[in-house]
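Novice: Right, I'll just put the structure down here and ask away after.
None of the figures in this text is laboratory data; all of them are computed from the coordinates on show. What you are looking at is a predicted structure, and each value in this text was computed from that prediction instead of being measured. FYI the Cβ positions are ideal-geometry reconstructions off the backbone, even for glycines, and counts take in every protein chain you see.
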Amino acid sequence: MSQHVALYRKHRPTSFAEVRDQDHIVSVLEGAIAKNTIPHALLFSGTRGTGKTTLARIFAHEIGVSDVDLYEIDAASNRGIDDIRELREAVHTLPYESEKKVYIIDEVHMLTKEAFNALLKTLEEPPAHVIFILATTEEEKLLDTILSRCQVFRMHSPSRRVLAQTVTDIAKKEGFELQKDAADLIAIAADGSFRDALGVTQKVIMASGDKIGDGDEVAAIIGAPKSAIIADLLDGLHDKDAQKALRAVGQVVADHGDMKLFVRLLLERVRAVMLVRNMPAKQEELLAAFSEKDREQLAGFATGEVSPLNSHTLMKLLAAAEGMGKTQLAHLPLEVAIVDICNA
């Protein structure tokens, strides 16, 4: 039986041209290479799954460093002073094949204080043939003395649109079609992570009985409610039918669904209604990410009679979302908000 390669590894960018949503960094790196002004120490900072180590590898290869002269160190498991002392000794060895050798230190914030101090001197005066690329998800934990010795690049979390397009494109390469609502749901669930988005996409491809993935298939995999349940809740709020709206919440609880994701999807839709009502000329753009059935429902709420789906409702739902982490019953703040909205 052949072993499947994770999509995020199989379709990892291998050149600057393939890197998405990081133009502000790529353009600087390309300029530095063109002018031969390569920094001796760089720091890539950003949330998980944004492609920090991938971009570091691409940069190393773009400056002519071969795989044999590229070293990757996971600071989470090599965080002590002895590890850094070994590194300090190793950097003086000349490259095997390239003019430079590159050390990528991932999750560098995990180093101990003693290890940081040991690294500091090497970062300040590295051998001419060595370039350090540090990567971190928690830049605030790094010493100012480390930051001051690096050229710092802060990576954007990819937008929902970029994530949706990315998973759509990669699914197509795998001979699979992701419907628009499915791709958008994956993008929402991934919360700014390319790696998480592709992980969900792979599960959808594996679980699907055909070559097309729809929103409900994605929902079943990530614990999101089916679109019909969200539609029922919206109908309940619009009609001030607390019983119908509460039944929808109860269904999500019974299905052991992800309540935080449920509320996020609800907020997306109420926000869309509010914006379409106030910017009708942009209706097509504002509703583009939703399925045809959802677009029809949301447009009806926005263009019809005055609806409780307005900014005041949105604020109450936002308060409910914030309150979810403060109670053992995650659905309770939403239920309270529903009763308040329907009885207002």
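Novice: Can you list the residues, at least 5 places off or on another chain, whose amide H is less than 5 Å from the amide H of Ile133, using H built in the peptide plane?
Specialist: Leu42, Tyr103, Ile104, Ile105
Novice: Alpha carbon centre of the range 224-263 versus the range 160-183: separation in Å?
Specialist: Cα centroid to Cα centroid, the span is 26 Å.
Novice: Moving on to the next point. What is the angle, in °, between the Cα long axis of helix 52-62 and the longest principal axis of the Cα atoms in the chain? Nearest 10 is fine, range 0 to 90.
Specialist: Around 40 degrees separate the two axes.
Novice: A follow-up question, please. So which lysines pass the test for Lys326, namely a Cα distance under 28 Å, with those fewer than 8 places away in the same chain ruled out?
Specialist: Answer for Lys326, where 28 Å is the Cα cut-off: Lys141, Lys226, Lys240, Lys244, Lys260, Lys316, listed by chain and number.
Novice: Tell me the angle of helix 259-278 to the major Cα principal axis of the chain, expressed in degrees between 0 and 90 and rounded to the nearest ten.
Specialist: 70 degrees
Novice: For Lys121, which aspartates and glutamates qualify as cross-link partners when the Cα separation must be under 13 Å and same-chain residues fewer than eight apart are set aside?
Specialist: Result set, ordered by chain and number: Glu89.
Novice: Enumerate the amide H contacts of Val152 below 5 Å, restricted to partners 5 or more residues apart or on another chain; note that Pro and chain-start residues carry no placed amide H.
Specialist: HN-HN under 5 Å from Val152: Leu43.
Novice: Report the equivalent ellipsoid semi-axes for the range 242-344 in whole Å, largest first, defined as the square roots of five times the eigenvalues of the gyration tensor built from alpha carbon atoms.
Specialist: After diagonalising the Cα gyration tensor, the semi-axes are 25, 15, 12 Å.
Novice: Follow-up. When the Karplus curve 6.51 cos²θ - 1.76 cosθ + 1.60 is applied with θ = phi - 60°, which whole-Hz ³J(HN,Hα) does each residue of the range 37-46 get, with x for Gly and Pro?
Specialist: These are the phi-based 3J(HN,Hα) values: 10, 7, x, 7, 8, 10, 10, 9, 10, x Hz.
Novice: If you place +1 on the Cβ of every Lys and Arg, -1 on the Cβ of every Asp and Glu, and leave all else neutral, what size is the dipole of the range 38-116 about its Cα centre, to the nearest 20 Debye?
Specialist: In debye, rounded to 20, the range 38-116 gives about 320.
Novice: Treating the angle as unsigned and between 0 and 90°, give the value, to the nearest 10°, between the Cα long axis of helix 292-303 and the longest Cα principal axis of the chain.
Specialist: 60 degrees
Novice: Another question about this same structure. Averaging sequence separations of C-alpha pairs under 8 Å and six or more residues apart, then dividing by the length of the chain, give the relative contact order as a whole percent.
Specialist: For the chain, the relative contact order is 15 percent.
Novice: Show which aspartates and glutamates lie in cross-link reach of Lys35 when reach means a straight Cα distance below 19 angstrom and same-chain residues fewer than eight apart are skipped.
Specialist: List returned: Asp23, Glu62, Glu99.
Novice: For a test of the definition: using alpha carbon positions, the gyration tensor, and the 1.5 limit on a/c, classify the range 1-151 as rounded, prolate or oblate.
Specialist: rounded
Novice: Test of the criteria: in the range 1-69, which trypsin sites (Lys or Arg not before Pro) are in a DSSP loop and have at most 15 other Cβ atoms within 10 angstrom of their Cβ?
Specialist: Lys35, Arg48
Novice: From the backbone phi of the range 135-147, what are the Karplus-calculated ³J(HN,Hα) couplings (6.51 cos²θ - 1.76 cosθ + 1.60, θ = phi - 60°) in whole Hz, Gly and Pro given as x?
Specialist: Listing the rounded values in order: 10, 8, 9, 9, 4, 5, 8, 7, 5, 4, 5, 6, 4 Hz.
Novice: Which longest uninterrupted range of the chain lacks any GluC sites (Glu not before Pro) assigned by DSSP to a loop state (not H, G, I, E or B) and surrounded by at most 16 other Cβ atoms within 10 Å?
Specialist: The segment 175-304 is the longest one with no such site.
Novice: For the chain, set up a Gaussian network in which alpha carbons nearer than 10 Å are linked by springs, and say which option among Met155, Met110, Met315 fluctuates the most.
Specialist: With Cα springs under 10 Å in the chain, the top fluctuation among Met155, Met110, Met315 is at Met315.
Novice: I need the shape label for the range 134-286. Rule: rounded when a/c is under 1.5, else prolate if a/b > b/c, else oblate, with a, b, c from the alpha carbon gyration tensor.
Specialist: Because a/c hits 1.5 or more and a/b exceeds b/c, the range 134-286 counts as prolate.
Novice: Let me ask something else about it. Which entry in [x] 112, 74, 31; [y] 73, 46, 43; [z] 50, 48, 38 is this structure's computed Cα extents along the principal axes in Å?
Specialist: It is the value labelled [y].
Novice: Quote the charge dipole size of the chain about the Cα centre in Debye, to the nearest 20; the model charges only the Cβ of Lys and Arg (+1) and of Asp and Glu (-1).
Specialist: 300 debye
Novice: Defining a contact as two alpha carbons under 8 Å apart and six or more residues distant in sequence, what relative contact order in percent does the range 89-146 show?
Specialist: Relative contact order here is 49 percent.
Novice: Neighbour counts of other C-beta atoms within 10 Å: give me Leu94, Leu7 arranged from fewest to most.
Specialist: Going from sparsest to densest Cβ surroundings: Leu94, Leu7.
Novice: Scan around Ile212 for amide H atoms under 5 Å from its own, H built in the peptide plane at 1.01 Å from N, and keep only partners 5 or more places away or cross-chain.
Specialist: So Ile212 has HN proximity to Glu177.
Novice: Also, I was wondering about something else. Hey, what did the range 22-154 get for relative contact order, percent, Cα under 8 Å, at least 6 apart?
Specialist: 38 percent
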